[in-house]
Amino acid sequence: MISRLLIAILVLFMAACTSQEAADFKEGQKLVDQGRYKDGLINFERVVKRNSGSEYTVEAAREAARIAFFEVKDYDKAIYFHQFLVLNSPDQKERIESQKQIAAIYFNNLQHYQKSIIEFAKLQQMHLSDYEAALTKVNIARAQYYLNNFFQAESEIDDLLKLRSDENVRFNALILKGNILVAKKDFIKAADLFKGLMTNYPVKAKQENIALTLAVCYEENLDFKSAIAVLETLRDTYNPPEYIELRIKRLQERQRNAPGAKGFRK
């Protein structure tokens, strides 16, 4: 008799919880439809924190993550709701996507690169496609680069370049490696890398203004003649052309004042 009574009480309690969650969820939707995003977010958060496992819980987290990121710009809240989805969503693709969003928010929106590395590392443990795995590795390398951890960043890129990967990812990885070499002041290796990009990816290299970066590498190593030669190739295509003219004149002036600069110093 007592057991039946307890079961009845539990059923009534669960029904009451579900009813309250439904009310909070629907009120949240109503507020969002009215453009009252912060108020709607509060209602969705109530559902999520109750976490009863009802049909409304994951849907509330999904809506809350979207609103927190796009409408309210509360990135910490967006991370919180995406973390909930990583742990509770029954959809594997959604769990992976939420983990991507967590790492991306730390990287792009909060510029908290150390935390982004941790979150990208968690993403690596999930079932990713080859493309996603390679892209994640590039993102880790980029975060390490921004933290001035050049050895770790270059190591990540070198590991990636040993593998077969999407050409766009590979191109971006090579640009990042070039930038790492520039940061390390290894201008000779950086110049060789950027020349290779211009040869192997002419269209992409032009879009990314790789020639300008190559000219900087030559200039930094006092090879003014080579820097000017590279800039000369941009005279008819770069916009605005005045910028190239000014760069060339400045380099010619530096060349005149440094007669001993005859190329890369070994």
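Read-outs: derived from the displayed coordinates by stated rules, not from any lab. Remember, it's a predicted structure, so these values are computed and weren't measured experimentally. Positions of Cβ are backbone-derived with ideal geometry, glycine not excepted, and every protein chain shown enters the neighbour counts.
Taken over segment 78-98, the criterion of being under 17 Å from the mean Cα position of the chain (by Cα) and crowded, with 17+ Cβ neighbours inside 10 Å is satisfied by A78, I79, H82, I96, S98. Among the residues of segment 141-163, those that are touching a residue at least 24 places away in the same chain (Cβ under 8 Å) and either on the phi < 0 side of the Ramachandran plot or touching a Leu at 6+ places or on another chain (Cβ under 6 Å) (or both) comprise A141, R142, A143, Q144, Y145, Y146, L147, F150, A153, E154, L160, L163. Condition first: in a loop (DSSP other than H, G, I, E, B) and surrounded by fewer than 16 Cβ atoms within 10 Å (Cβ to Cβ). Now tell me which residues in segment 117-133 satisfy that. Once the filter is applied, which keeps residues that are in a loop (DSSP other than H, G, I, E, B) and surrounded by fewer than 16 Cβ atoms within 10 Å (Cβ to Cβ), segment 117-133 yields Q125, M126, H127, S129.
Total residues in segment 141-154 satisfying the condition of being in contact with a helix residue (DSSP H, G or I) (Cβ under 8 Å, 6 or more places away or on another chain) and either of a type in the set (G, A, S) or part of a loop (DSSP other than H, G, I, E, B) (or both): the figure is 5. In this structure, is Y106 surrounded by 20 or more Cβ atoms within 10 Å (Cβ to Cβ), more than 27 Å from L222 (Cβ to Cβ) and among the aromatic types (F, W, Y)? Considered against the rule, which asks whether it is surrounded by 20 or more Cβ atoms within 10 Å (Cβ to Cβ), more than 27 Å from L222 (Cβ to Cβ) and among the aromatic types (F, W, Y), Y106 comes out as yes.
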